[in-house]
Amino acid sequence: MAMSGLVSNRNFGHFIGSGILCRGEQAILLHRGERSSVAVVHGNIVKPISVSPNGRQFILLSLHHSDKSHRVYPQHRSKGSFACCSFSSSSPGGWLEAGDKDKIVENRTSAFYKSEEYDITEAKLDSLPSPDETNEAILVERDIPWWQSFPKRWVIVLLCFAAFLLCNMDRVNMSIAILPMSKEFNWNSATVGLIQSSFFWGYLLTQILGGIWADKIGGKLVLGFGVVWWSVATVLTPIAAKIGLPFLLIMRAFMGIGEGVAMPAMNNLLSKWIPVSERSRSLALVYSGMYLGSVTGLAFSPILIHKFGWPSVFYSFGSLGSIWFALWLRKAYSSPEEDPELSKEEKKLIMGGSLSKEPVKVIPWRLILSKAPVWALIISHFCHNWGTFILLTWMPTYYNQVLKFNLTESGLLCVLPWLTMAAFANIGGWIADTLVSRGLSITAVRKIMQSIGFLGPAFFLTQLSYVRTPAMAVLCMACSQGSDAFSQSGLYSNHQDIGPRYAGVLLGLSNTAGVLAGVFGTAATGYILQRGSWDDVFKVSVALYIIGTLVWNLFSTGEKILD
């Protein structure tokens, strides 16, 4: 024999090692070391057949034996199984025709397999003739549903995407609702700025803590906690507003506490689940969830406010978190090692063939804070978020006060820049991963993408002083936000580059600086508008974008500096 360990299943066999049990004269077991696979015989050719986790299941038909044949049929079970059946065929050696299902009689015997134990090979071996000189078998291939073969790492990415969609839906609804609320409660611009910035008080508190918790106990628990917490706070916001301003400020801060753990927890999860070759596009997809959350919130909030009043926005958006949490508990795991359903092939791809390291027990703060690339992340994140959060929280007011759009128009036109961000974030992610796969260094890719993320918004914000029509102003906003989205493949991907084991803590550190920018920038905008103009607001953002560009290109790196 050309390969040792070949077993003919003339009679109903049994498991040998990790082999497959089947029935029929021409069904065989092919053993190679510790592995086995099903094989069928065509003349002198033996083809071992794989039952592998690539989404394929196989039906093995062994025909022509006294007008009766046997087939091995894979049933739909979570672990996978073969049920052996027999049927009569009027065309010996032929295919099973449509309508032949009434000829199939189920045998009482079944065999089970683990799909990840088999691989596809081909071998030309000696003929295995049966006593009646029948050497023919037929293979019928059947696809399982696509959702059962969808890569598990991208299930995690999509769930994180959905979490960030809810995150920004629950955050931006206040930027629309604040307009009727300020009329009802007689708030001035300074009070509105205070309310908008109160979210960041809580958001600031849990950035580093969220990163520490995620790195130590796992991202699944931390992100799940965050979504539930901020969803409850969103639902309670109208009640707090009607009780009094201090209670509203506290509730918005509570909401920030929940959303503050989201980014560090997500970064921890993706650092474990996503290989470096897919890092930029996966992060871009998740962050595009934030942008599409802004689109959804800004598009639906005016409609809900018009029909049901401003409290309806908080009640409806906040309740969606319970649906996400139910899916999260069922499908998500903190790391590939914890997922019992993950195939060996996908786990090997994720892990890169290396063993995972021990969970983080102690955070080396002195080492982390002694690295210049870490400080480049922190400073750049501050500069980036100053402009981003001003646009996030004040854009509807800008459209309403400067461009003279009404509430509904303000919300709908605010959608365009966020749609642009969602599109360009994913475009930037694919570009960055393509550049890395073609040999460009990760450092060069991160610097290129982040430079676009800084200089693009700076250029388009300067043009707002010269535009004369609302349409051109909206276009400048859209182009500013679109180029800003390239940052997802720049500084937002860099935490996993320089210290994948401490990805949660690193993002917590840099995003703390980003939140401080949100706190000061959002509140400062209210005071600037009382004494100056929108041009002054944009000039401050442009100056910070330029500073960020210089710091990033001088001190950042894409190499691992923390192990």
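A few comments on the model shown:
- Of the residues examined, Ser271 is one that is in the same structural domain as Gly193 (by the TED database), farther than 17 Å from Asp170 by Cβ and within 22 Å of the chain's Cα centre (by Cα).
- All positions within the stretch 175-210 that are aliphatic (A, V, I, L, M) and in contact with a helix residue (DSSP H, G or I) (Cβ under 7 Å, 6 or more places away or on another chain): Ile176, Ala177, Ile178, Leu179, Met181, Ala190, Val192, Leu194, Ile195, Leu204, Leu205, Ile208
- Residue match in the stretch 326-333 (condition: small (Gly, Ala, Ser) and either crowded, with 18+ Cβ neighbours inside 10 Å or in a helix (DSSP H, G or I) (or both)): yes
- Tyr315 vs. criteria open to solvent by 80 Å² or more (accessible area, probe 1.4 Å), in the same structural domain as Ser271 (by the TED database) and hydroxyl-bearing (Ser, Thr, Tyr): yes
- Restricting attention to the stretch 527-551, the residues being under 36 Å from the mean Cα position of the chain (by Cα) and of a type in the set (Lys, Arg) number 1.
- Residue check for Tyr502: outside the structural domain of Ser175 (by the TED database) and under 20 Å from Ala190 (Cβ atoms): no
- Looking only at the stretch 415-426, residues that are open to solvent by 30 Å² or more (accessible area, probe 1.4 Å) and either more than 19 Å from Cys476 (Cα to Cα) or modelled with pLDDT under 90 (or both) come to 3 in all.
- For the stretch 275-297, the count of residues that are open to solvent by less than 10 Å² (accessible area, probe 1.4 Å), in a helix (DSSP H, G or I) and farther than 27 Å from Leu416 by Cα is zero.
- Some residue of the stretch 259-268 being under 12 Å from Arg171 (Cα atoms), within 26 Å of the chain's Cα centre (by Cα) and assigned to a helix (DSSP H, G or I): yes
- For the stretch 240-281, a tally of residues being at pLDDT 90 or above and among the acidic types (Asp, Glu) returns 1.
- Subset of the stretch 355-414 (residues that are among the small types (Gly, Ala, Ser) and either surrounded by 14 or more Cβ atoms within 10 Å (Cβ to Cβ) or at pLDDT below 80 (or both)): Ser356, Ala376, Ser380, Gly387, Ser410, Gly411
- Pair list, Cβ under 9 Å, 6 or more apart: the stretch 313-336 residue closer than 16 Å to Val157 by Cβ, other residue open to solvent by 10 Å² or more (accessible area, probe 1.4 Å) and β-branched (Val, Ile, Thr): Lys331/Val155; Ala332/Val155; Ser334/Ile217; Pro336/Ile350
The values are calculated or read from the model by the stated rules, or taken from the named source; none is laboratory data. Just so you know, these numbers come straight off a predicted model, no measurement behind them. No Cβ is skipped: glycine too gets one built from the backbone with ideal geometry, and neighbour counts run over all protein chains shown. Heavy atoms of the whole protein, side chains included, go into the accessibility calculation; ligands, DNA and RNA do not. Shrake-Rupley method; radii C 1.70, N 1.55, O 1.52, S 1.80 Å.
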